[in-house]
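The values are calculated or read from the model by the stated rules, or taken from the named source; none is laboratory data. Nothing here was measured: the structure is a model prediction, and the numbers come from that model. All Cβ positions, even for glycine, are placed from backbone atoms using ideal geometry, and neighbour counts span all protein chains on display.
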Amino acid sequence: MIDVRRPKLRPYALDGNFGLEREALRVTGEGRMAHTPHPFPADHPRIVRDFCENQTEINTRVWPTAAETMAELKEIDATIRATIASQGERLWTNSNPPPITDESEVVPARFEGALAGKSTYRGYLAAKYGRRLMAYCGIHVNFSFGARLIAAADVGRDELYLHVASQCVKWGWVLVALTAASPVGQYASVRCSERGYWNRFVPVLDFSSARAYANSIARYVQDGLLAAPSELYYPVRLKPRGPNNLLTLVERGIDHVEIRCVDLNPLTGGLVDVRDVEFIQLFLLWCAAQGRETLSAEKQVECIAAFKAAARIDFDWTPVGELLERMGEFFAASAGWPASVQRVLAYQAEKVYSPESRYASMEACHV
């Protein structure tokens, strides 16, 4: 749809906006689930609770570079660690939860008053999916293309993001393979595998317009397969600016894409390697340049199966190498792309050709 190699677009190609969401569990010094109340104010602008009471979530501001976003993530992470250290706790740095003897150890987050509905919703999730599964944690990477790039491309914002999202569904399994860091048994990433964070059915979404996309999600709510749009456990989501609901998405338009299939990386202290975030930007630019196509229901089911397959230890990495070669040609150094782009692509290629460099192969990622 838009090819950032075009001279008209090239100056704005790497413009963008980043935001990160990081979930992590508070645990005792012995590495068991902490049972103390959430130690931060309910109205804290950056630190909230996710499913369970000891699952802290960081929501960064929006930044123009991955490095600046990572700097804030680290700063807030340090604040959390300092606060909970005073009560003898630490953060668990793996996407897989610590040893859980009984599901009663996973205590759903408690909300009161006007927010009591959040507790009811968590009770529903616990009964449907099990508390243990809901304790898995991850990183969500939010990204929007720069305003100058979209303007120079002379393309509708919604149209661009719908196209990119559909291409992410088709090719996004590569992100699972490259960021899997929570190995157990036959899996490099349990939360992204068939045993992980998925709905009981494979959603089929309509990427033809923002309204059609919203309606395709709303249909599952109306049919009772989802309690709310937030129950859509899908590796890629389209988000609006402002309140995150389908009405806002339709009325205000699509603001950014959310990539939800990145594991916590124990090698970075339970954060994410900045080169993986930078690669996601390059991947989305590459997706934007792919040809238009409509993903049939059958194709979407195949694509989600590919995400789950990429989470396995025995995944065939040949397609990863082939896709990275295509991206390497797209971002060829001879075309004047900055050296930082080549370093990011080389970092990912090393995982293909040196299996020991894959996160799931490293001892630090095993629990």
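Within region 291-367, considering only helices (runs of 4 or more DSSP H) that don't extend past its boundaries, which have at least 1 residues that are within 23 Å of the chain's Cα centre (by Cα) and polar (S, T, N, Q)? Don't jump to the end; show me each part of the working.
Details: elements: 297-310, 318-330, 339-353.
Counting at least 1 such residues, we get 297-310, 339-353.
Could you identify the single residue in Val169, Val174, Val141, Val164 that is within 30 Å of Tyr12 (Cα to Cα), β-branched (Val, Ile, Thr) and not in a helix (DSSP H, G or I)? If you could, list the steps in order and put the result at the bottom.
Details: Val169 fails: not in a helix (DSSP H, G or I); Val174 fails: not in a helix (DSSP H, G or I); Val164 fails: not in a helix (DSSP H, G or I).
When all the criteria are applied, what remains is Val141.
Consider region 240-262. How many of its residues are crowded, with 18+ Cβ neighbours inside 10 Å and either of a type in the set (Lys, Arg) or touching a Lys or Arg at 6+ places or on another chain (Cβ under 7 Å) (or both)?
7
Going by the structure shown, is Arg358 crowded, with 16+ Cβ neighbours inside 10 Å and either touching a Lys or Arg at 6+ places or on another chain (Cβ under 8 Å) or not hydrophobic (A, V, I, L, M, F, W, C) (or both)? Break it down into steps so the answer makes sense when it comes.
Details: crowded, with 16+ Cβ neighbours inside 10 Å: yes; either touching a Lys or Arg at 6+ places or on another chain (Cβ under 8 Å) or not hydrophobic (A, V, I, L, M, F, W, C) (or both): yes.
The answer is yes for Arg358.
For region 306-318, give me each residue that is free of Cβ contacts under 8 Å to residues at least 24 places away in the same chain and either among the polar types (S, T, N, Q) or surrounded by 13 or more Cβ atoms within 10 Å (Cβ to Cβ) (or both).
The initial filter retains those residues of region 306-318 that are free of Cβ contacts under 8 Å to residues at least 24 places away in the same chain, namely 316, 318.
Within region 306-318, Thr318 is the sole residue that qualifies.
Out of the residues in region 222-256 meeting the condition of being in contact with a helix residue (DSSP H, G or I) (Cβ under 6 Å, 6 or more places away or on another chain) and part of a strand (DSSP E or B), tell me which one is nearest to Tyr197 (Cα to Cα).
Val236
How many residues, within region 328-367, are polar (S, T, N, Q) and farther than 30 Å from Pro97 by Cβ?
Step one: of region 328-367, the residues polar (S, T, N, Q) are 334, 340, 342, 348, 354, 357, 361.
From what's left, farther than 30 Å from Pro97 by Cβ: 334, 340, 342.
Qualifying residue count, region 328-367: 3.
Are there any pairs, at least 6 apart or on different chains, whose C-beta atoms fall under 8 Å, with the first in region 71-97 and farther than 20 Å from Gly138 by Cβ and the second surrounded by 15 or more Cβ atoms within 10 Å (Cβ to Cβ) and among the aromatic types (Phe, Trp, Tyr), and if so, which?
Thr83/Phe40
Would you be able to tell me the number of residues in region 177-203 that are more than 19 Å from the chain's Cα centre (by Cα) and either buried (at least 22 other Cβ atoms within 10 Å of the Cβ) or in a loop (DSSP other than H, G, I, E, B) (or both)? Break it down into steps so the answer makes sense when it comes.
The initial filter retains those residues of region 177-203 that are more than 19 Å from the chain's Cα centre (by Cα), namely 184-186, 200-201.
Filter once more, keeping what is either buried (at least 22 other Cβ atoms within 10 Å of the Cβ) or in a loop (DSSP other than H, G, I, E, B) (or both): 185-186, 200-201.
Qualifying residue count for the region: 4.
Which ones in region 100-121 are assigned to a loop (DSSP other than H, G, I, E, B), within 26 Å of the chain's Cα centre (by Cα) and at pLDDT below 95? Steps first, please.
Of the residues in region 100-121, the ones assigned to a loop (DSSP other than H, G, I, E, B) are 100-102, 106-107, 109-112.
With the extra rule that they be within 26 Å of the chain's Cα centre (by Cα), the set shrinks to 100, 106-107, 109-111.
Within region 100-121, Arg110, Phe111 meet the criteria.
Do any residues in region 339-353 that are over 18 Å from Ala181 (Cβ atoms) and charged (D, E, K, R) have Cβ atoms under 7 Å from those of residues that are crowded, with 20+ Cβ neighbours inside 10 Å and modelled with pLDDT of 95 or more, where the two are at least six apart or on different chains, and which pairs are they?
Within 7 Å, no pair qualifies.
Among the residues of region 22-37, write down those that are in contact (Cβ under 8 Å) with a residue 60 or more places away in the chain and either within 30 Å of Ser334 (Cα to Cα) or crowded, with 19+ Cβ neighbours inside 10 Å (or both).
Of everything in region 22-37, those that are in contact (Cβ under 8 Å) with a residue 60 or more places away in the chain and either within 30 Å of Ser334 (Cα to Cα) or crowded, with 19+ Cβ neighbours inside 10 Å (or both) turn out to be Arg22, Glu23, Ala24, Leu25, Arg26, Val27, Met33.
Restricting the search to region 69-94, which residues are of a type outside the set (Val, Ile, Thr) and under 18 Å from Glu258 (Cα atoms)? Write out each step before concluding.
Of all residues in region 69-94, those of a type outside the set (Val, Ile, Thr) come to 70-75, 77-78, 81-82, 85-92, 94.
Once the filter is applied, which keeps residues that are of a type outside the set (Val, Ile, Thr) and under 18 Å from Glu258 (Cα atoms), region 69-94 yields Met70, Leu73.
Answer yes if at least one residue in region 168-175 is touching a His at 6+ places or on another chain (Cβ under 7 Å) and farther than 25 Å from Glu53 by Cβ, and no otherwise. Walk me through how you get there before you give the answer.
Filtering region 168-175 for residues touching a His at 6+ places or on another chain (Cβ under 7 Å) gives none.
No, the conditions are met nowhere in region 168-175.
In region 211-251, what residues are within 19 Å of Ala165 (Cα to Cα) and among the β-branched types (Val, Ile, Thr)?
Matches in region 211-251: Ile217, Val236, Thr248, Val250.
Go through the residues of region 1-18 one by one and say whether even a single one is closer than 21 Å to Ala116 by Cα and buried (at least 18 other Cβ atoms within 10 Å of the Cβ).
First pass over region 1-18, keeping only residues closer than 21 Å to Ala116 by Cα: none.
Taking every residue of region 1-18 in turn, none turns out to be closer than 21 Å to Ala116 by Cα and buried (at least 18 other Cβ atoms within 10 Å of the Cβ).
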